[in-house]
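S.K.: First, the structure itself, so that you have it in front of you.
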Amino acid sequence: MLAGLIFATEDADDRMGVLAATLPFGGLTLIEFQARLLAAAGAMQIVLVVARMTPELLGAISRIGRRGVSVDAVRTAAEAVEKLHPLARVLVVADGVVTTGDVVQAIALMPHDTLLVTDEGDPHYERVGADTAWAGLALLEGKRVVEAAALPRDYDFQSTLLRVAAQAGADQVHLDSHMAATHGIERSAQALARRGNGMVAALVAKPLRWVDRYLLAPLVRLALPPLMARTVPTFGVIGAGAAVALGGFVTLLAGHGAIGMGLVCGAIVIATIAAAIAWVRDEAGPARFADHARSGLAAAAALLVGYRADRPAGLILAVTLVIVAVLLERAADPALQRRWWASPAAYPLVLFVLLVFGQPLLALGAAGLYAAATLASAIEGFRRKP
């Protein structure tokens, strides 16, 4: 079992009385960002070492707990020992660490006690040797926390744990030079604001299916930082998507298939961005709504194309496409998905390409065959699954 141990004891450099861990960071607080990286690395339990409880910290703890991980706050090493699972390996995050998911994942996979070290002379880094400093991440056996708890209570917990790990012969892994630019320890509100939005954009998962991975995900990562920096409300983005979708539907009904489908594709992109913003902000309801809206937009657009095409053939093809697509989403096991599979965002794109050439029936037929082939692959995957 993997557990996370996050230190949140130091005050911000430029905000008196405010914990650095609770400073804003890309629409989150820094400690929430750290907790998400740990959860993404597989941590099932997170223990926060705090100096005092503040309203901002209580709110952050509540939001972290919504992600399905166990969250506890402690003040001393002895309390941490009581909360940590006895068999857990502990992924330690120093106070104020800003890093990426790739770095955390790499440390989490180490087979032995490991300290992430660097040669840089950042004053926030604690020295672990004549030429090296601890870069704020470590993977340790739970007994290291027990050993730190056995030392006098007035010792600094974070520094004591680092010394215990170093004396026990923990492996030292140097921070790659290409990752050093995105890794550091920050306790300044201004510095965190500068770094926050781009780092939070990196939290957006890379989906497997090709349209979502190569078209939607890059657009989301591009749009998320400026929207988060301007604190654009989630419902504002959803409203913009609804307006674009309405324009697309009206244009489809007017008989301008390619233009209308292009607007629907734009609305799906906006809905995807809205879902990502809501996910980052822990707005579960809007996130689900925006995610489901993508499927609804695709289905409505296909039905409108069928309605405007030769009837009844167009409507039959459109209804068949919607039914097969719904069955596919019900049968799509995440563990069995393939890169080429269709997705709700893929159908409007296929329709758009063929509508440009003025072929609505061919567009519906091609999208339907694509959905049917994907459904057949999903069913075959279920049959082969042991």
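The values are calculated or read from the model by the stated rules, or taken from the named source; none is laboratory data. Just so it is clear, the model here is predicted, and its values are computed rather than measured. Neighbour counts are summed over all protein chains in view; Cβ atoms, including those assigned to glycine, are modelled from backbone coordinates with ideal geometry. Protein only, heavy atoms only, side chains kept; ligands, DNA and RNA dropped before computing areas. Shrake-Rupley method; radii C 1.70, N 1.55, O 1.52, S 1.80 Å.
S.K.: Exactly one of these conditions fails for Val81: (1) crowded, with 21+ Cβ neighbours inside 10 Å; (2) at negative phi. Give me its number.
M.R.: The failed condition is (1).
S.K.: Filtering segment 111-121 down to residues that are under 17 Å from Met179 (Cα atoms), assigned to a loop (DSSP other than H, G, I, E, B) and of a type outside the set (Gly, Ala, Ser), which residue is modelled with the highest pLDDT?
M.R.: The qualifying residue modelled with the highest pLDDT is Asp119.
S.K.: Which pairs turn up if I take residues in segment 265-280 that are part of a helix (DSSP H, G or I) and look for partners that are among the charged types (D, E, K, R) with beta carbon separation below 7 Å, at least 6 apart in sequence or on another chain?
M.R.: Note: pairs meeting the criteria are Ile268/Arg294; Ala271/Arg294; Thr272/Arg294; Ala275/Asp291.
S.K.: Please count how many residues of segment 282-315 are of a type in the set (A, V, I, L, M, F, W, C), closer than 30 Å to Ile31 by Cβ and in contact (Cβ under 8 Å) with a residue 60 or more places away in the chain.
M.R.: 1
S.K.: Sticking with this structure for a sec: Across segment 210-240, what is the total count of residues that are touching a helix residue (DSSP H, G or I) at 6+ places or on another chain (Cβ under 6 Å) and not hydrophobic (A, V, I, L, M, F, W, C)?
M.R.: Residues meeting the conditions: 3.
S.K.: Another question, then. May I ask you to list the residues in segment 340-360 that are part of a helix (DSSP H, G or I) and buried (at least 16 other Cβ atoms within 10 Å of the Cβ)?
M.R.: Selection gives Ala346, Tyr347, Pro348, Leu349, Val350, Leu351, Phe352, Leu354, Leu355, Pro360.
S.K.: Let me ask another. Pull out all pairs, ordered by first then second residue, where Cβ-Cβ is under 7 Å, the residues are six or more apart or on different chains, the first lies in segment 195-216 and is in contact (Cβ under 8 Å) with a residue 60 or more places away in the chain, and the second is of a type in the set (Asp, Glu).
M.R.: Matching pairs, first to second residue: Arg195/Glu186.
S.K.: Checking Ala367 against (1) surrounded by 15 or more Cβ atoms within 10 Å (Cβ to Cβ); (2) small (Gly, Ala, Ser); (3) over 18 Å from Gly262 (Cβ atoms), only one condition comes out false. Which one?
M.R.: (3)
S.K.: Hey, another quick one. Looking only at segment 316-338, count how many residues are free of Cβ contacts under 8 Å to residues at least 40 places away in the same chain and either in contact with a Pro (Cβ under 8 Å, 6 or more places away or on another chain) or open to solvent by less than 60 Å² (accessible area, probe 1.4 Å) (or both).
M.R.: 2
S.K.: If you check every pair at least six apart or on different chains, which have Cβ atoms under 7 Å apart with a residue in segment 5-28 that is basic (Lys, Arg) first and a residue that is open to solvent by 10 Å² or more (accessible area, probe 1.4 Å) second?
M.R.: Close Cβ pairs (under 7 Å, with a partner that is open to solvent by 10 Å² or more (accessible area, probe 1.4 Å)) amount to Arg15/Ala189.
S.K.: Right, Arg195: among the basic types (Lys, Arg), in contact with a His (Cβ under 9 Å, 6 or more places away or on another chain) and under 29 Å from Gly27 (Cα atoms) or not?
M.R.: The answer is no for Arg195.
S.K.: Do we find that Gly260 is in contact with a Ser or Thr (Cβ under 8 Å, 6 or more places away or on another chain), small (Gly, Ala, Ser), open to solvent by less than 20 Å² (accessible area, probe 1.4 Å) and touching a residue at least 12 places away in the same chain (Cβ under 8 Å) in this structure?
M.R.: yes
S.K.: Here's a check for you: in segment 281-313, which residue that is assigned to a helix (DSSP H, G or I) and of a type in the set (Lys, Arg) is surrounded by the most Cβ atoms within 10 Å (Cβ to Cβ)?
M.R.: Among them, the one singled out is Arg294.
S.K.: Another question about this same structure. Name the single residue, out of those in segment 30-63 being open to solvent by 10 Å² or more (accessible area, probe 1.4 Å) and β-branched (Val, Ile, Thr), that is nearest to the chain's Cα centre (by Cα).
M.R.: Ile61
S.K.: Here is a list: Arg221, Arg230, Arg209. Which entry is of a type in the set (Lys, Arg), farther than 19 Å from Gly26 by Cβ and out of contact with any Leu (no Cβ under 6 Å at 6 or more places or on another chain)?
M.R.: Details: Arg221 fails: farther than 19 Å from Gly26 by Cβ; Arg230 fails: farther than 19 Å from Gly26 by Cβ.
Among Arg221, Arg230, Arg209, only Arg209 is of a type in the set (Lys, Arg), farther than 19 Å from Gly26 by Cβ and out of contact with any Leu (no Cβ under 6 Å at 6 or more places or on another chain).
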